[in-house]
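J.: Okay, handing you the structure first.
The values are calculated or read from the model by the stated rules, or taken from the named source; none is laboratory data. Note that the structure is predicted; figures quoted are calculated from it, not measured. Please note: Cβ atoms are built from the backbone with ideal geometry, for glycine as well, and neighbour counts cover all protein chains shown. To get the accessible areas, we keep the full protein, side chains included, count just its heavy atoms, and leave off ligands, DNA and RNA. Shrake-Rupley method; radii C 1.70, N 1.55, O 1.52, S 1.80 Å.
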Amino acid sequence: MKRTLLSLALAATALSPMLATAASSVQMKVAGTIYPAACDISMPGGTTIDYGRIASATLNKDTVTKIGDDVRAKVAVTCNAPTLFAIKSSDARAATKIAVAGSSPATLFGLGKSGSVNIGAYSINLVDPIDDAGKRPRVLSTPVGSTVATATALVTPGELVSFGEESGVKYAAHKSVTADMKFTTYIEKASALPLKGDIKLDGLATFELVYM
């Protein structure tokens, strides 16, 4: 009986290597998550451009009036790592912009309505950009769906505005960029406006970060 038990024990011992080699491969899983750099966009000086009270007597009777002189607001994009990003603008008052001589309608933002009359329009240029390295990146504009950029400071609703290197039209990754939004604003001719009461300028634009 003891010999039988020993024989069984030896048989089990002999089988052990055979059981181990029966699994001829083993799978190893490599896990992790790659996440994009996080960026924030802000307007440090506030998000309202206020022209205050504009006397109707200062408006041109039969031609569009340009108001304000070098009106600016700061825009800043800050990321936690160098990132390729762009800013996409949209105009909630696009249907209200007036025609301005010398300006393409596509580059203008609307100022709302007074009754059935469009009040005016404005354009935005991104100027004096500076990045986290103290360099002056070039402002680039790219139509949505295109990869071809052009060097222009003019912000066109619906297009992507990005920041490149100091020269050329190549996109560049930045950790932060601050620039001035320079506004040029136009008011419809006085003879077309209902001037019996106050007319409130009502422009509304959105600036969205897009990762490239």
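J.: Mind telling me which of Gly102, Gly168, Gly115 comes out most flexible in a GNM of the chain, alpha-carbon contacts under 10 Å?
T.: Highest fluctuation among the options: Gly102.
J.: Each residue of region 122-138 in turn: what ³J(HN,Hα) in whole Hz from Karplus with 6.51, -1.76, 1.60 and θ = phi - 60°, glycine and Pro shown as x?
T.: Going residue by residue, I get 8, 10, 10, 10, 8, 10, 6, x, 9, 9, 5, 8, x, 8, 10, x, 7 Hz, with x marking Gly and Pro.
J.: With all protein chains present, how much of the accessible area of the chain (probe radius 1.4 Å) comes from carbon and sulfur, to the nearest whole percent?
T.: Reported share for carbon and sulfur atoms: 56 percent.
J.: For region 20-76, what mean projected area does the convex hull of the alpha carbons give, in nm²? Please list the in-between numbers first.
T.: Working: hull surface 38.2 nm².
Projected area, direction-averaged: 9.6 nm².
J.: Then there's this: From the backbone phi of region 145-152, what are the Karplus-calculated ³J(HN,Hα) couplings (6.51 cos²θ - 1.76 cosθ + 1.60, θ = phi - 60°) in whole Hz, Gly and Pro given as x?
T.: Per-residue couplings from phi come out as x, 10, 10, 9, 9, 10, 7, 7 Hz.
J.: Just need the relative contact order of the chain here, percent rounded to a whole number, with Cα pairs under 8 Å and 6+ apart. Don't skip to the end; give the middle numbers.
T.: Values: 422 pairs, mean separation 59.7, N = 212.
Reported relative contact order: 28 percent.
J.: Where in region 90-123 is the amide nitrogen less than 19 Å from a point lying 7 Å along the Cα-to-Cβ axis of Thr65?
T.: 97-101, 110-123
J.: Relative contact order of region 110-212, please, whole-number percent, based on alpha carbon pairs below 8 angstrom and at least 6 residues apart.
T.: Worked out over region 110-212, it gives 34 percent.
J.: Here is a follow-up. Would you compute, from DSSP H runs of 4+ residues alone, the mean residue ellipticity of the chain at 222 nm, taking -39500 (n - 2.57) per run and dividing by the full residue count, rounded to the nearest 500?
T.: Rounded to the nearest 500, it is -3500 deg cm²/dmol.
J.: Sticking with this structure for a sec: Please give me, ordered by residue number, the trypsin sites (Lys or Arg not before Pro) of region 144-204 that lie in loop per DSSP and have at most 10 other Cβ atoms within 10 Å.
T.: Lys170, Lys196, Lys200
J.: Moving on to the next point. Work out, step by step, the length gained on full extension between Lys113 and Leu209: first 0.36 nm times the residue separation, then minus their alpha carbon distance; give nm to one decimal.
T.: 31.7 nm
J.: So how do 77-84, 28-35, 65-72 stack up, highest first, on mean other-Cβ count within 10 Å? Walk me through the numbers before you get to the answer.
T.: Working: 77-84: 16.5, 28-35: 4.1, 65-72: 13.4.
Ranked from most to least packed, the peptides come out as 77-84, 65-72, 28-35.
J.: Measuring from label point to label point, each 7 Å out along Cα→Cβ, what is the Ser25 to Leu195 span in nm?
T.: 8.5 nm
J.: Which of Ala151, Ala173, Ala55 ends up with the largest GNM mean-square fluctuation for the chain, with Cα atoms connected below 10 Å?
T.: Comparing Ala151, Ala173, Ala55 in a Gaussian network model of the chain, the most mobile one is Ala55.
J.: With a 1.4 Å probe and all protein chains left in place, how much accessible area per residue does region 74-113 have, in Å²? Could the numbers behind the result be given before it?
T.: Working: 1710 Å² over 40 residues.
The answer is 43 Å² per residue.
J.: Same structure again: Would you mind working out the accessible area per residue for region 121-197, using a 1.4 Å probe, and quoting it in Å²? Mind dumping the intermediate values first?
T.: Numbers: 3510 Å² over 77 residues.
In whole numbers, region 121-197 has 46 Å² accessible per residue.
J.: For every other residue with a beta carbon closer than 15 angstrom to the beta carbon of Tyr211, add +1 if it is Lys or Arg and -1 if Asp or Glu, then tell me the sum.
T.: Values: positive: Lys88, Lys175; negative: Asp40, Glu208.
Every neighbour counted, the sum reads 0.
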